[in-house]
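Okay, structure first, notes after.
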Amino acid sequence: MIGFFALAIVLIASAVWTVAARKPVYSVVALLLHFAALAALYVTLNAEFLAVTQIIVYSGAILVLFLFVIALLSSGVAAFAQGPDRLPKAAIPAGFAVLVGFGLLAFGLANATPQATATSNSGSLHGAAGLANVFGSVADFGKALFTTHLLPFEITALILMVAVIGVVLLAGDVTPFVSRTADTKRVKREMREAILKEGGE
Amino acid sequence: MDLTVLPVALGDYIGLSLVIFFIGVAGIALRRNPLIVLMSIELMWNAANLLFITFARVYMNNAGHIFAFLVITVAAAEAAIGLAIVVVVFRNAKNVDVDDVRILRG
């Protein structure tokens, strides 16, 4: 219960920070904190697989995409061109955050293992991880995803493919809806006219 | 329906989700940087996901987890396409401000 309210405070504060941050990079950092806290909240709601998915997809993929776009758009802007000068200042908090993270990980590992084995027989909610009859476990989720809800899962593949094709068409090097042959014809005609003009003079 | 198994009351989860959702709405309404607007949309996706997972837990039904999974997938696709649009607009206009992009306006 205290855990919920602590997580709720972190969630709301990081959401406000995301919206109110002056620079997009700070927003990304705040959003990373938000997603981590949300994954922890998912674990308390017995959605283990979704917590891991949240970390991998959001923190691992989407936020890195945001960072790449920010780096792309602000290359050449003075504040970002300074770059490495800020690194020594950031090293201390970053190292501290890594240490805290490892400490939490070790603490969780030390405490979680005996609990999981001790309560594995106490019902359908608090069982050992990986059993199919435990609500929200990976096995439970996978069984539902590949049997009852197979069609939505297949549609997901279509959605992702459409997104990939759309992004390549939008941001790719070649402008999509201009015919290549027409372009080359235009270039050749211009070259021919230039040669004719030179010859005329 | 057994509400007593939740760590806290159901209303607390709904309230938290609503607060996060409307922080995202405020971000879309108030900010002009398209990247921050996209991040606000991500906040709103996640507020909805939190409700899906909460009610999946309340009813002990897996369908909420499946739907949240699909929402994460669609959010990833949306973020990719939105960022591609931002890159294209920036490449053409050299200006990242959603109020200045008026090409599609009538």
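Taking each residue of the range A:33-61 that is more than 10 Å from chain B (Cβ to nearest Cβ) and looking for partners that are among the aromatic types (Phe, Trp, Tyr) with beta-carbon atoms closer than 6 Å, six or more apart or interchain, yields A:SER59/A:PHE35.
Of the residues screened, B:ALA26 is not one that is more than 7 Å from chain A (Cβ to nearest Cβ) and closer than 26 Å to A:VAL69 by Cα.
Just so you know, in the range A:17-36 the residues that are buried (at least 18 other Cβ atoms within 10 Å of the Cβ) and modelled with pLDDT under 90 include one that is farthest from A:LEU7 (Cα to Cα), and it is A:PRO24. The residues on offer are B:ARG57, B:ARG32, and the sole one that is of a type in the set (D, E, K, R), in a loop (DSSP other than H, G, I, E, B) and more than 11 Å from the chain's Cα centre (by Cα) is B:ARG32.
Restricting attention to the range A:135-157 and to residues that are touching a residue at least 60 places away in the same chain (Cβ under 8 Å), more than 8 Å from chain B (Cβ to nearest Cβ) and more than 21 Å from the chain's Cα centre (by Cα), the residue that is surrounded by the most Cβ atoms within 10 Å (Cβ to Cβ) turns out to be A:SER137. When residues in the range A:4-27 are screened for being closer than 29 Å to A:ALA90 by Cα and facing chain B (nearest Cβ under 7 Å), 9 of them pass.
Remark: B:ILE66 falls outside the filter, which requires a residue to be modelled with pLDDT of 90 or more, within 15 Å of the chain's Cα centre (by Cα), surrounded by 18 or more Cβ atoms within 10 Å (Cβ to Cβ) and within 7 Å of chain A (Cβ to nearest Cβ).
The values are calculated or read from the model by the stated rules, or taken from the named source; none is laboratory data. Computed from a prediction, not measured in an experiment: that's the story for all the values here. Don't worry about glycine lacking a Cβ; one is built from the backbone with ideal geometry, like all the others, and counts go over all protein chains shown.
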